[in-house]
Structure formats: C-alpha cells, structure tokens
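What follows is a set of notes on a single structure, which appears directly below.
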Amino acid sequence: MPTPPGRPVRVLLVEDHDMVAEAIGLALERSPGLEIVGRSASVAAALADAESHQPDVVLLDRRLPDGDGISAIAGLEKLVPHVRVLVLTGEGSASVAARVAEAGGAGLLLKSSGLGELEDAVRRVAAGEMVFSQDLLGNVLGRLSGRTPVLGATLTPRERETLDLLGEGFTTSDISVRLGVALNTGRNHVQRVLEKLGARSQLEAVTIARREGLLT
C-alpha cells in the first residue's frame, strides 16, 4: 500500500555495519519527505523494531549476524501489513532477486549503488513500485514464470545438506562422517552438487552457491 500523501515516508534501516548504516542514514535523513524511524543490526531486532515503529519501508541488508535478511521479509510483513521491504546486497544475481520477489519483497538494490539511486528506490517502493536493476529484471520475471531454470533447484535434500556442509568448510571425509555414509557415498554427493551447480571444484561450488543465494 503506497504511503499516504502529506506525511514523510517512515524508513527502518536494518544494517549491521556501523559505517554503512551511518552513511545511508545521513543521506536519507537529508532527503525531504523521508524519515529514519529506527536502525536495527539483526533480524531479531528488525522484527521487534518494525512492530514498534510501524515503518512504511524497511531497508534490509541481506546478510545479517543472525540470518539471511530475505527470510525475514514474511515476518516483517506479518507484523506490519502495509510495509514495503527493499533488500540491500553486496552482490546481486537473478536467483537472489527472484528469492526477494517470491518472499514478497519490493526490490533488490546493490550496495554499490549511489546514494541518489538509493533515495529514489526508497521513494519508488513507498509509492508501490517494484525496484530491480534492469539487468536483473528480465531474469527475475523469467524465473518467477518458470521459463528460466533456477540454479540449484534440482538439488535433493541430501545434496542441499552436503552443500551446507561444504559452505561451512568441511572436507569430503568430514561430510561423509556428518551424513553417516561411506566415504565413496559422500564423494558421490559432493560430485553431484558440483555437477548441478556447474562447478569444477568445491570452492567454486561454494562461491556459486553464495552468489546465487543458496548459502548465506
């Protein structure tokens, strides 16, 4: 629901890095018609502050100390039914953008964007628009419509568990022990993960998975 005319857009900033939060906060506070009503540094704090401040827009960092910001979108919208959530990320991909859209988010913006672009995005989502960069928008629509396959969508639950363990730095031998399987079986799980992600090494698989939002 668009912000009612005649009053400032109330923004809750969710960012755990102090310097980044301060720069964004100062820029938005100087912008006519925008008001920073609070700053949170974790998913848990964001949920509590959203309920308390009832913002129009939540500017939400994707990576937070206690979890993935995208997973918090549904909770924020439950607490504040009219809220619009704009996600900030260090690196964007069509998979991450599609996750934001599927979760009910209003857009995805790179942290490398200029402050003017950020201000414009906040105003646009407050007015009811969706904001995704043009190079991602086509892929987002394609993935949401099912025309473009989502990388990692064919991973089985066991393969997802294997990928999570790779992301935590475990070796194939460690993964086999964790999964309670023979070493050869563990190797097969790791190999299938690499094949499905188009990776040539375990490190590349983790890098791809982080870029695509499969790992936080």
Query raised in the report: On the given criteria, is Asp68 open to solvent by 10 Å² or more (accessible area, probe 1.4 Å), in contact (Cβ under 8 Å) with a residue 24 or more places away in the chain and of a type in the set (Asp, Glu)?
Result: yes
Query raised in the report: Looking only at residues in region 99-117 that are buried (at least 16 other Cβ atoms within 10 Å of the Cβ), within 19 Å of Leu76 (Cβ to Cβ) and in contact with a Leu (Cβ under 8 Å, 6 or more places away or on another chain), which one is modelled with the lowest pLDDT?
Result: Ala101
Query raised in the report: Would you pick out the residues in region 198-208 that are open to solvent by 10 Å² or more (accessible area, probe 1.4 Å) and of a type in the set (A, V, I, L, M)?
Result: Ala199, Leu203, Val206, Ile208
Report summary line: Filter region 118-146 for residues that are among the basic types (Lys, Arg) and either open to solvent by less than 10 Å² (accessible area, probe 1.4 Å) or at pLDDT 85 or above (or both); the one that is nearest to Pro32 (Cα to Cα) is Arg123
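The values are calculated or read from the model by the stated rules, or taken from the named source; none is laboratory data. Nothing here was measured: the structure is a model prediction, and the numbers come from that model. Every residue, glycine as well, gets a Cβ built from its backbone with ideal geometry; the counts of neighbours run over all protein chains shown. Remember, those area values only see protein heavy atoms, side chains included, never the ligands or the DNA or RNA. Shrake-Rupley method; radii C 1.70, N 1.55, O 1.52, S 1.80 Å.
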